[in-house]
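Here's the structure we're looking at; comments come further down.
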Amino acid sequence: MAMIVKARAKINLALDVFEKRPDGYHEVEMVMQSIELHDCLEFTPVPEGITILVENGDVPAGEDNLVHRAAKSISTYGGVRTGVEIRLKKAIPVAAGLGGGSTDAAVTLAALNKIWGLGLTLRELMLLGEQLGSDVPFCLMEGTALARGRGEKLESLPPCPPLGLVLVKPPFGVSTASVYRAYAPGKLEKKPHCRNMVEAIESRDPGAIARCLYNALEPVTFAMHPEVAAIKEKLLEAGALGVLMSGSGPTVFGLTGNLQDARTVAGRYQKLGGEQVLISQIWNSA
Ligand code: ATP
């Protein structure tokens with residue numbers, strides 16, 4: 001029997017970057033949020049081997065796919081002797097700052113834990129996930145969360161209201177590693193950006209959430225690709241409540257009060273000469 005699951009993308013509502021650690025990663029603090037936009041993965045148990053079939057999307061099909069790495073990792077950890085065929089249908093733009101690879105890896109760990117009857121706890125899955133990518137533990141947890149460390153230390157937050165989203169992905173990708181390499185920290189004291197965002201989410205006030213959007217990596221990616229800053233300006237002009245680049249970019253999202261407003265803003269954005277957009281919504285399981 002095949003199992004079909006959705007792998008939801010994430011955005012960062014707030015993202016602060018602090019000192020570089022001895023292991024080469026920067027210490028970060030982020031408010032992470034799952035969104036409706038998702039890839040689909042279909043898992044079919046087979047007698048042996050791990051096979052990935054990529055239906056669409058510009059991602060590697062073989063062992064370099066994060067889905068393959070996730071399957072291999074849990075198979076080894078669980079001492080599994082049978083195999084799986086995984087069909088991946090991408091809808092999340094690649095190298096976009098939307099955590100596409102991380103969420104595919106996360107659902108692969110969770111699905112294979114069930115299919116192979118391994119009985120691993122969420123904690124164990126998160127530890128396996130952490131080795132595949134810093135955002136994988138959040139993608140296993142989903143919803144709204146505060147992330148620290150290199151992104152793997154998570155604290156669940158009250159759900160963010162189901163605001164509308166207009167996502168604009170420029171026609172190029174950005175390597176997360178290159179953005180962090182170019183990041184030059186200012187003063188290293190902890191700033192209250194994430195705390196302010198948590199309070200805004202607790203207030204459930206879309207205007208307050210929009211005012212607290214913050215991403216310390218924006219200046220870095222904007223310097224590499226000035227067109228990303230131009231998208232931000234245009235989305236604000238089109239009437240989004242607030243606009244932010246997600247993760248290391250280059251995707252920019254505009255927040256709106258609801259899905260209908262997102263459609264209206266998207267229409268205005270396109271009249272202003274903007275490129276293709278994706279309309280989505282904040283996602284929470286509750
Ligand atoms: P993040 O926001 O977590 O940094 P991202 O959205 O910027 O991630 P991804 O879409 O995860 O970036 O892609 C990063 C790289 O991983 C790409 O170069 C891509 O080729 C590779 N990759 C491997 N497997 C996958 C997958 N299943 N989906 C997307 N990218 C994958």
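The values are calculated or read from the model by the stated rules, or taken from the named source; none is laboratory data. A quick note: this is a predicted structure, and the numbers were derived from the prediction, not measured. All Cβ positions, glycine included, derive from the backbone under ideal geometry; neighbour counts span all protein chains shown. For accessibility, only protein heavy atoms count, side chains too; no ligands or nucleic acids. Shrake-Rupley method; radii C 1.70, N 1.55, O 1.52, S 1.80 Å.
So which residue, out of ASP16, ASP39, ASP205, gets the largest mean-square fluctuation from a GNM of the chain using Cα contacts under 10 Å as springs? Highest fluctuation of the listed residues: ASP205. As a length-normalised measure over Cα pairs under 8 Å and 6 or more apart, the relative contact order of segment 3-156 settles at 28 percent. When segment 164-281 is described by a simple charge dipole with +1 on each Lys and Arg Cβ and -1 on each Asp and Glu Cβ, the residue from GLN260, GLY274, ALA182 located farthest towards its positive end is ALA182. Computed from backbone phi with θ = phi - 60° and the Karplus coefficients 6.51, -1.76 and 1.60, the 3J(HN,Hα) list for segment 2-17 is 7, 10, 10, 9, 9, 10, 7, 6, 10, 10, 9, 7, 8, 8, 10, 10 Hz; x is used for glycine and proline. Here the relative contact order of the chain, from alpha carbon pairs under 8 Å that lie six or more residues apart, stands at 23 percent. When you filter the trypsin sites (Lys or Arg not before Pro) in segment 69-123 for DSSP loop state and at most 14 other Cβ atoms inside 10 Å of their Cβ, you are left with ARG81. When +1 charges are put on Lys and Arg Cβ atoms and -1 charges on Asp and Glu Cβ atoms, the dipole computed for the chain relative to its Cα centre reaches about 200 debye. For VAL84, nonlocal amide neighbours, meaning residues 5 or more places apart or on other chains whose placed amide H falls under 5 Å from its own, are VAL46, GLY49, ILE50, THR51.
Helix 100-115 and the longest principal axis of the C-alpha atoms of the chain enclose an angle of approximately 30°. Within segment 136-197, the trypsin sites (Lys or Arg not before Pro) that combine a DSSP coil assignment with at most 11 other C-beta atoms in a 10 angstrom radius are LYS187, LYS190. What the Kirkwood sum gives for segment 164-281 is a hydrodynamic radius of 14.8 Å, with every pair of different alpha carbons counted.
For the chain, the equivalent ellipsoid built from the Cα gyration tensor has semi-axes of 31, 21, 18 Å, listed from largest to smallest. Taken about its Cα centre, segment 3-156 carries a charge dipole of roughly 260 debye when the Cβ of each Lys and Arg holds +1 and the Cβ of each Asp and Glu holds -1. With respect to the chain, whose longest principal axis is taken over its alpha-carbon atoms, helix 193-203 is tilted by about 90°. I want to verify the translational diffusion coefficient of segment 81-149 in µm²/s; compute it with Stokes-Einstein, Rh as the Kirkwood radius over Cα pairs, at 4 °C and 1.567 mPa s. Using the Kirkwood radius from Cα pairs, D works out to 100 µm²/s. What are the residues whose amide H is under 5 Å from the amide H of LEU37, where those residues sit 5 or more places off or on another chain and H is modelled from the backbone? Those qualifying (amide H under 5 Å, at least 5 residues apart or on another chain) are ALA9, GLN281. Relative to the longest principal axis of the Cα atoms of the chain, the long axis of helix 66-78 makes an angle of roughly 50 degrees. Of the accessible area of the chain, computed with a 1.4 Å probe over protein heavy atoms only, carbon and sulfur atoms account for 52 percent.
For the chain, adding -39500 (n - 2.57) for each run of n ≥ 4 DSSP H residues and dividing by the number of residues yields -10500 deg cm²/dmol at 222 nm.
What longest range of the chain stays clear of loop-exposed GluC sites (Glu not before Pro) (DSSP non-H/G/I/E/B, at most 15 other C-beta within 10 angstrom)? Excluding the exposed sites themselves, the longest stretch runs over 64-188. In terms of overall dimensions, segment 3-156 has a Cα radius of gyration and Dmax of 15.1, 47 angstrom. Our Cα-only numbers for segment 47-113 put the radius of gyration and Dmax at 11.7, 36 Å.
How far apart, in nanometres, would the label points at VAL46 and GLN281 be if each is projected 7 angstrom from Cα along the Cα-to-Cβ direction? Once both label points are built, they end up 3.7 nm from each other.
Over segment 3-156, how many pairs of lysines fall under 30 Å by alpha carbon, counting only those 8 or more apart in sequence or from different chains? Going through segment 3-156 pair by pair, I get 21.
Excluding ligands, DNA and RNA, the accessible surface per residue across the chain is 44 Å² with a 1.4 Å probe.
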